[in-house]
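The values are calculated or read from the model by the stated rules, or taken from the named source; none is laboratory data. Fair warning: this is a prediction, and the values are worked out from it, not measured in the lab. Cβ sites come from the backbone with ideal geometry, for glycine too, and all protein chains shown count toward neighbours.
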Amino acid sequence: MEKVLIITPFAFPNVGGAETFLMDLAKAFSKKYIVHICTIKWTKPVLWEGLSLTKAVKMIWKLAFPLLKMKRKYKYEKIFALGLMPSFLCFLFNIKFYTIILALYDFKQRNSIISFILNRAQRVFVEGNRGEEDMLNAGVDKNKIVKFQHWCDQTRFYYIPKNNERIKVLFVGRPIRIKGRHIIEQCEQITKGIEYEYIEDIPYDILPSHYQMADVVVVPSLYSEGFSRVVIEAASCGCALITSNKGALPEMVMDFGKFIEPIPENFADILWQLKRSRIALEKIQDNTALYALKNFSEKNAEVFL
């Protein structure tokens, strides 16, 4: 079988959307290729919240030697760089590569360095319309851009009708302020009679059960969030979604959920509405699960194959 190489600094034991995407992408590739992953050997989990120039240089250094070693030892049919740093390495070493961008950078004008590197890629895969807009603003050739939609394993993330006595709200996110947990904690103080659960960094194999027990999942991000895996996983489990209006979140939930300015009162208002009518809430959950079945399945991985 032919071989594919994925280059990324985002890997176990770190927990997050990029790490989960890596696992799902490798699984999709394994149906057609032998998959190799070039990454950094982390000794402990890292909380990603911005990246200084010093840290970026160290990460590039740690990726460079394994990449060169693997490239000399094996012949790869395709090489995929997850993010800007792996893309820079491929450009630096004159390696033919495909780029996958898993974030929004909010470029407002052409960025000469970014466009110079990414325009050397065979294709630049981006998350939806906002991702495409971001790369076009940076100066990436439109003909190189390919939009994709995330997916999840729907044999694990699937809808179970909710039978909670009280409406149950779930927050899933890393313990960093920009994820907005404090917004929901403040909301909890003004919505008595509603049950809340907060989870972070839990094993991936037990994550579906938390979604399946929740009526509503909230994503109160305070930054320009890219395509959120929490949204896809929660929707596949039939949870009603309330997100902030930042980044790509409105694009993700506009057909089945609500997006709002992330302040406690806004989340409280919608949760009170859902609490007043269990029938209306169940209808939203049914519609959300149906939408997810059609739009968030593993068929979305075919764009990379």
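Considering Gln149, Gln186, the condition of being under 22 Å from Asn295 (Cβ atoms), surrounded by 13 or more Cβ atoms within 10 Å (Cβ to Cβ) and not charged (D, E, K, R) is satisfied by Gln149 alone.
Quick one: would you say Asp286 is under 15 Å from the mean Cα position of the chain (by Cα), in contact (Cβ under 8 Å) with a residue 40 or more places away in the chain and farther than 21 Å from Glu127 by Cβ? No; evaluated as a whole, the condition is false for this residue. Tyr76 falls short of the stated requirement of being part of a loop (DSSP other than H, G, I, E, B), outside the structural domain of Ala268 (by TED's automatic domain parsing), among the aromatic types (Phe, Trp, Tyr) and under 30 Å from Tyr291 (Cα atoms).
From the list Ser209, Ser224, the one residue that fits, being of a type in the set (Ser, Thr, Tyr) and out of contact with any Gly (no Cβ under 6 Å at 6 or more places or on another chain), is Ser209. When the range 61-82 is filtered for residues that are touching a helix residue (DSSP H, G or I) at 6+ places or on another chain (Cβ under 8 Å) and either of a type in the set (D, E, K, R) or crowded, with 18+ Cβ neighbours inside 10 Å (or both), the ones remaining, listed by number, are Leu63, Leu67, Ile79, Phe80, Ala81, Leu82. When the criteria are applied in full, Asn300 meets the requirement of being within 19 Å of the chain's Cα centre (by Cα) and in a helix (DSSP H, G or I).
Here is the figure for the range 240-260: residues that are surrounded by 23 or more Cβ atoms within 10 Å (Cβ to Cβ) and more than 18 Å from Asp215 (Cβ to Cβ) total 5.
Restrict the check to the range 200-220 and report whether at least one residue is in contact with an Asp or Glu (Cβ under 9 Å, 6 or more places away or on another chain) and among the β-branched types (Val, Ile, Thr). Yes; the residues of the range 200-220 include at least one that is in contact with an Asp or Glu (Cβ under 9 Å, 6 or more places away or on another chain) and among the β-branched types (Val, Ile, Thr). Among the residues of the range 243-277, those identified as free of Cβ contacts under 8 Å to residues at least 24 places away in the same chain and not hydrophobic (A, V, I, L, M, F, W, C) are Asn245, Pro250, Lys258, Glu261, Asn266, Asp269, Gln273, Arg276, Ser277.
Tell me, please, whether a residue that is farther than 17 Å from Gln149 by Cα, among the acidic types (Asp, Glu) and at pLDDT below 95 can be found in the range 68-81. No - not one qualifying residue is present in the range 68-81.
Scanning the range 154-181 for residues that are surrounded by fewer than 17 Cβ atoms within 10 Å (Cβ to Cβ) and under 30 Å from Leu305 (Cα atoms) gives Thr155, Arg156.
The criterion of at least 2 residues that are in contact with a Lys or Arg (Cβ under 8 Å, 6 or more places away or on another chain), closer than 25 Å to Pro161 by Cβ and of a type in the set (Val, Ile, Thr) is met by the following strands (runs of 3 or more DSSP E) wholly inside the range 213-291: 240-244. Within the range 179-198, residues that are within 16 Å of Val217 (Cβ to Cβ) have Cβ atoms under 6 Å from residues that are of a type in the set (Phe, Trp, Tyr) in these pairs: Arg181/Phe171; Ile184/Phe171; Cys187/Phe267; Glu188/Tyr196; Tyr198/Phe171, counting only partners at least 6 apart in sequence or on another chain.
Suppose we keep only residues that are under 21 Å from Gln273 (Cβ atoms) and basic (Lys, Arg) within the range 154-206. Which one would you say is modelled with the highest pLDDT? Going through the qualifying residues, I end up with Lys168.
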